[in-house]
Structures are given as structure tokens and as C-alpha cells.
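Take a look at the structure set out below.
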Amino acid sequence: MELTVNGSPREVDPARFPTLLAALRDQLGLTGPKLSCDHGECGACTVRLDGDLVYACLTLTATCGGAEVRTVEGLAEGSALHPLQQAFITHDAAQCGFCTPGQLLAAEALLERNAHPTDAEIRTAMSGNLCRCGTYPKIITAIRAVADAGKTP
Ligand code: FES
Ligand code: FES
């Protein structure tokens, strides 16, 4: 079955890799999306599917034929980091980094639909992505900085 991952056509096998997370990580070697709760509770596996945010651990590969998938590996352009990636570094918004790929994609989706979110809107938009290290204030600061700079992804 074919889908497009970060702009490139890729073949995946739904029989061997029944969840999108398994297909991305174990078949295609894209380990940015993380396996944590495996139950749709933490957001570590967040990817974008035709622009929408989804938990890849709950998404069946068989339903993704022809879809456009975006993972954290698709954010940077060559050696140029995405503005959100740079802001997360600048504002020290990652500690262990396990949640960061999902956080970045959720933030990207937020700023695409709302270029100037309030802090409350940022908190609401990011509520599906948990951080065990508790970096929430710094994550909000990083997203705020990108929004205020007008660097809409
Ligand atoms: S690993 Fe998918 S939501 Fe936690
Ligand atoms: S930075 Fe460690 S879980 Fe978020």
C-alpha cells in the first residue's frame, strides 16, 4: 500500500505493521514518532495525516492508503531547522525530548490554523500532548515566540 511520507512516496505493509506508528517506526525507520502509552493518552506518537493531528498508535495503517503523512522528520528543510524547532532549542523547551516530536507537530498545526493564538488557546491546542518532564511553560514560551515573530509555519 502506498502513502506519501514527508513528501516522498513510500510503500507500507498493513498486514505486518497494522498501526501507522509501527509502519513509520518499524518499517520505514522514522523513529521521531514515539511509542509510549500505546493507548491514545499521551501524544508521543502524534503525526499529521492529511494535515490533521492523529495519534499514530491508534491509527490503522490500512486506513491510510494514499494519505499524506508528516512526521517530525519532515519539519526541517535540509540543514535549516523549522522555526518551531529552533524556538524549542532557544527556549529550552525539551528535557528528555521524548514528547518533543509530537509537541512540535501539534504546535505546527495550531499556528497553521491560528497564527496569533492566546496563551489559553496554546494550552488548549497542546492539551493532547503530555510531557512527563513538565516543560509546559517553556513549550508555551517557544510557541508564543514563533507566533509573535510572525514566523507562521
Ligand atoms: S503512544 Fe500514542 S497516544 Fe501515547
Ligand atoms: S521533555 Fe521529557 S517528556 Fe517532554
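The values are calculated or read from the model by the stated rules, or taken from the named source; none is laboratory data. In this text, all values refer to a predicted model and were calculated from it rather than measured experimentally. For neighbour counting, all protein chains shown are included, and Cβ atoms are generated from backbone atoms with ideal geometry for every residue, glycine included. Ligands, DNA and RNA are excluded from the accessible area calculation, which covers all protein heavy atoms including side chains. Shrake-Rupley method; radii C 1.70, N 1.55, O 1.52, S 1.80 Å.
Name the one entry in ALA76, ALA15, ALA67 that is in contact with a helix residue (DSSP H, G or I) (Cβ under 7 Å, 6 or more places away or on another chain) and not β-branched (Val, Ile, Thr).
Of the residues listed, the single one that is in contact with a helix residue (DSSP H, G or I) (Cβ under 7 Å, 6 or more places away or on another chain) and not β-branched (Val, Ile, Thr) is ALA76.
Of all residues being of a type in the set (D, E, K, R) and not in a loop (DSSP other than H, G, I, E, B) in region 110-146, which is nearest to ASP38 (Cα to Cα)? Just the residue, please.
Looking at residues that are of a type in the set (D, E, K, R) and not in a loop (DSSP other than H, G, I, E, B), I get ARG123.
Yes or no: LEU21 within 14 Å of the chain's Cα centre (by Cα), away from ligand 2 (no atom under 16 Å from the Cβ) and open to solvent by less than 10 Å² (accessible area, probe 1.4 Å)?
Numbers: within 14 Å of the chain's Cα centre (by Cα): yes; away from ligand 2 (no atom under 16 Å from the Cβ): yes; open to solvent by less than 10 Å² (accessible area, probe 1.4 Å): yes.
So LEU21 fits the description; yes.
Quick one: LEU53 ticks every box in (1) open to solvent by less than 30 Å² (accessible area, probe 1.4 Å); (2) under 19 Å from GLY128 (Cα atoms); (3) not in a loop (DSSP other than H, G, I, E, B) except a single one, so which number is it?
The one condition LEU53 does not meet is (1).
I want to confirm something. Restricting to region 87-100 and keeping residues that are near ligand 2 (Cβ under 10 Å from one of its atoms) and outside any loop (DSSP other than H, G, I, E, B), which single residue is nearest to the chain's Cα centre (by Cα)?
Here the answer is THR100.
Hey, could you check region 97-140 for residues that are open to solvent by less than 20 Å² (accessible area, probe 1.4 Å) and touching a residue at least 60 places away in the same chain (Cβ under 8 Å) and say which is farthest from LEU49 (Cα to Cα)?
CYS99
On the given criteria, is ARG16 within 24 Å of ARG132 (Cα to Cα), open to solvent by 30 Å² or more (accessible area, probe 1.4 Å) and among the basic types (Lys, Arg)?
no
Could you please tell me which pairs satisfy a Cβ distance under 6 Å, a separation of 6+ or placement on different chains, a first residue in region 78-96 that is surrounded by fewer than 12 Cβ atoms within 10 Å (Cβ to Cβ), and a second residue that is in a loop (DSSP other than H, G, I, E, B)?
Pairs found: CYS96/CYS133.
Do we find a residue being modelled with pLDDT of 95 or more and more than 16 Å from ligand 2 (Cβ to nearest atom) anywhere in region 125-135?
At the first step, the residues of region 125-135 found to be modelled with pLDDT of 95 or more are 125-135.
Next cut, more than 16 Å from ligand 2 (Cβ to nearest atom) only: 125.
Checked against the condition, which is being modelled with pLDDT of 95 or more and more than 16 Å from ligand 2 (Cβ to nearest atom), region 125-135 yields at least one hit.
How many residues does region 27-52 hold that are more than 7 Å from ligand 1 (Cβ to nearest atom) and either among the hydroxyl-bearing types (Ser, Thr, Tyr) or over 16 Å from GLU73 (Cβ atoms) (or both)?
5
From (1) in contact (Cβ under 8 Å) with a residue 60 or more places away in the chain; (2) assigned to a helix (DSSP H, G or I), pick out the condition that doesn't hold for LEU24.
That leaves (1) as the condition not met.
Go through region 56-77 and give me each residue that's assigned to a loop (DSSP other than H, G, I, E, B), within 16 Å of ligand 1 (Cβ to nearest atom) and surrounded by 19 or more Cβ atoms within 10 Å (Cβ to Cβ).
Answer for region 56-77, where residues must be assigned to a loop (DSSP other than H, G, I, E, B), within 16 Å of ligand 1 (Cβ to nearest atom) and surrounded by 19 or more Cβ atoms within 10 Å (Cβ to Cβ): ALA56, CYS57, THR59, CYS64, THR71.
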